[in-house]
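One structure below.
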Amino acid sequence: MKLTTRELTLCAVLTAMALALSYLENAFPLALTVPIPGVKLGLANIVTLFALYALGPGRAVLILLARCLLGAVFAGNMSALIFSLLGGAAAMAVMILLSRTGRLSVYGVSVGGAAAHNCGQVAAAVLTLGNTAPVYYLPVLLGVSLVTGAVTGVGTACLFRALAHTRLLPN
């Protein structure tokens with residue numbers, strides 16, 4: 001995949017935005033208001049979903065990989081990288097498939113991605129712990145993903161609406 005200077009710059013800016021949203025979300029943990037362990041809104045996924053629709057799957061995957069790797073490096077928590085990568089890869093695969101069907105809006109694709117992200121993270125927990133105990137928590141996370149995916153979908157739709165009359169989006 002060959003990137004023009006404009007596309008590379010846009011990917012870099014989107015990666016920085018995703019990292020900033022992730023950092024911001026970690027600074028104000030949702031656990032203070034929602035007493036369910038492991039629940040996050042996933043605000044950085046707004047950027048991933050936006051990139052999928054605006055730039056295509058290849059560039060969205062690059063942004064996702066860069067965000068996961070840089071996020072782990074900046075946080076100094078390389079052990080969390082497997083959770084980010086498995087959750088992000090599962091979410092991206094599902095969002096690519098759902099977006100290609102043309103039957104779901106950005107909201108539905110976002111909810112599907114949120115559910116897949118939770119499945120990927122539970123898979124990472126199973127691999128890390130060496131037992132299947134985390135699978136029993138999956139129904140709770142899938143229920144929460146309906147809300148978090150909807151919030152991410154609304155954020156992405158608002159971003160598209162805000163940028164619709166600018167020249168920032170590729171043709």
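The values are calculated or read from the model by the stated rules, or taken from the named source; none is laboratory data. It should be emphasised that the depicted structure is a prediction, and the values quoted were computed from it without experimental measurement. With ideal geometry, Cβ positions are generated from the backbone for all residues, glycine too; neighbour counts draw on all protein chains shown.
Tell me, please, whether a residue that is part of a helix (DSSP H, G or I) and within 22 Å of ALA16 (Cβ to Cβ) can be found in the range 121-129.
First, the residues of the range 121-129 that are part of a helix (DSSP H, G or I): 121-129.
This time we only want the ones that are within 22 Å of ALA16 (Cβ to Cβ), so: none.
No, the range 121-129 has no match at all.
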Tell me, yes or no, whether the range 51-73 has at least one residue that is more than 30 Å from THR5 (Cα to Cα), assigned to a helix (DSSP H, G or I), more than 15 Å from the chain's Cα centre (by Cα) and modelled with pLDDT under 95. no
Selection from the range 1-29 of residues over 17 Å from SER84 (Cβ atoms) and assigned to a helix (DSSP H, G or I) yields THR5, ARG6, GLU7, LEU8, THR9, LEU10, CYS11, ALA12, VAL13, ALA27
In the set LEU98, LEU104, the lone residue that is within 15 Å of GLY153 (Cβ to Cβ), out of contact with any strand residue (DSSP E or B) (no Cβ under 8 Å at 6 or more places or on another chain) and either of a type in the set (Asp, Glu) or part of a loop (DSSP other than H, G, I, E, B) (or both) is LEU104
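Table: residues versus (1) closer than 23 Å to LEU146 by Cα; (2) in contact (Cβ under 8 Å) with a residue 24 or more places away in the chain; (3) surrounded by 21 or more Cβ atoms within 10 Å (Cβ to Cβ); (4) in contact with a Cys (Cβ under 6 Å, 6 or more places away or on another chain).
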| residue | (1), (2), (3), (4) |
| --- | --- |
| THR4 | no, no, no, no |
| LEU24 | yes, no, no, no |
| GLY38 | yes, yes, no, no |
| ASN45 | yes, yes, yes, no |
| LEU49 | yes, yes, yes, no |
| ALA72 | no, no, no, no |
| LEU97 | yes, no, no, no |
In the range 55-113, anything farther than 25 Å from ARG167 by Cβ and among the polar types (S, T, N, Q) is listed as ASN77, SER79, SER84, THR101, SER110
